[in-house]
Amino acid sequence: MDTVTLQRELRAFAREAGIDKIGFTTADPFREMKNRLRRQQESGYQSGFEKGSLDERTDPALLLEQPESIIAIAVAYPSKLDDAPKGKKGARRGMFCRASWGQDYHDVLREKLALLEAFILERVPGARLRSMVDTGELVDRAVAERAGIGWSGKNCSIITPEFGSYVYLGEMITNIPFEPDEPIEDGCGDCTLCLDICPTGALIEGGRLNAQRCIAFLTQTKGSLPEEFRTEIGNRVYGCDTCQTICPKNKGMHNRIHEAFRPDPELAKPLLEPLLNMTNREFKETFGHMSGSWRGKNPIQRNAIYALGHFREQSALPELSRILREDVRPYMRGASAYALGKIGTEQAETALRHAESREKEEEVLIEIRAALRRIADQKKEVHE
């Protein structure tokens, strides 16, 4: 089969397989992206989750022998939560980002890429193929941009005319020489809304992100969070959508297309307090099918504690006091101390003082004393 016919049939099959966009590009090295990644590395802006060296992340020839093309795919996901439950006093809720709603997109896109691989191998039995989704070496955004899936927005997301930036990306390197598609013209213009609204200033400039300040990254880290970020996280337990929800190109993009990504409102916006005493097994059974579960329950629980402090939720006092008193994880005790200091009631102060007399870990003692100072300052303000 000639490559022109195969490419045409691949486009048609991709639609049948539930792939919303497919594009083709060369397997040439991504030289400009390599320079950008080097600048990110030198500036200390990387997340640490990146896979592979700079060369491996930008040169397909290091990942597949004699590559000719890369096939890029995009699958849209929903941005609106139907029948969203509302948090209220005594029943506060957290929020998983939209990219974590429904079934883990890594699994869904790998299945779709596997279908493409089978389709190609049936027609070209000797074809060499290598697929990846998000956690592979190649930079998905760079591949998608060059393959005409969308343009690279100032919010560091690929923005498509059809689905906005609410798309998952994947790619396949192959030794088949497909005709490359043309990139899409940048559509951001002089808009800077995403840069202006970023809560922590993580978007340094259009298309450049300091991952170390990005809330989406921070919610996935383990251990304690620097205090400057705790209030900004609000009730987010995983991820952040702010730079996407503000984007004019996402207005009206609901993308209720794939059943696999249909969100369960109770999981997309879970009650915060029940998260605090979940076992590993309970967490896996409840959230294990979501991409937001990949780091386990510890970061989610820590973020839930910060969120309860953010709400100054008094119903959480018994559980926060128990964590401060009994939890074996120092950063969880520290987070609880912080939240108790934000709540600031007499019961919270009593729990903090009892904990101060027993606590041995210096990092937790620092949090307890800072919380007690916060309560003292609040009392002073009231009297003044």
For segment 92-149, enumerate the residues that are within 16 Å of the chain's Cα centre (by Cα), over 30 Å from Ala307 (Cα atoms) and not in a helix (DSSP H, G or I).
Val133, Gly136, Val139
Scan segment 302-318 residue by residue and report those that are crowded, with 18+ Cβ neighbours inside 10 Å and either within 13 Å of Ala91 (Cβ to Cβ) or not polar (S, T, N, Q) (or both).
Arg302, Ala304, Ile305, Tyr306, Ala307, Leu308, Gly309, His310, Phe311, Glu313, Ala316, Leu317
Flagged pairs (Cβ under 8 angstrom, 6 or more apart or on separate chains; first in segment 331-346, buried (at least 24 other Cβ atoms within 10 Å of the Cβ) and of a type in the set (S, T, N, Q); second modelled with pLDDT of 95 or more and not in a helix (DSSP H, G or I)) are Ser336/Asp327
Could you check, for segment 225-233, whether at least one of its residues is polar (S, T, N, Q) and assigned to a loop (DSSP other than H, G, I, E, B)?
no
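Condition check ((1) aliphatic (A, V, I, L, M); (2) within 29 Å of Phe217 (Cβ to Cβ); (3) within 21 Å of the chain's Cα centre (by Cα)) across all residues:
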site	(1), (2), (3)
Pro274	no, yes, no
Thr279	no, yes, no
Gln301	no, yes, yes
Gln347	no, no, no
Thr350	no, no, no
Leu365	yes, yes, no
Lys379	no, no, no
When residues of segment 150-187 are filtered for being in a loop (DSSP other than H, G, I, E, B) and more than 25 Å from Arg123 (Cα to Cα), how many remain?
17
From the set of residues in segment 1-29 that are within 24 Å of the chain's Cα centre (by Cα) and assigned to a loop (DSSP other than H, G, I, E, B), which is surrounded by the fewest Cβ atoms within 10 Å (Cβ to Cβ)?
Gly18
Of the conditions (1) closer than 26 Å to Val237 by Cα; (2) surrounded by 22 or more Cβ atoms within 10 Å (Cβ to Cβ), the single one that Ile73 does not satisfy is (1)
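The values are calculated or read from the model by the stated rules, or taken from the named source; none is laboratory data. The shown structure was predicted, so the numbers you read here are calculated from the model rather than taken from an experiment. Every residue, glycine as well, gets a Cβ built from its backbone with ideal geometry; the counts of neighbours run over all protein chains shown.
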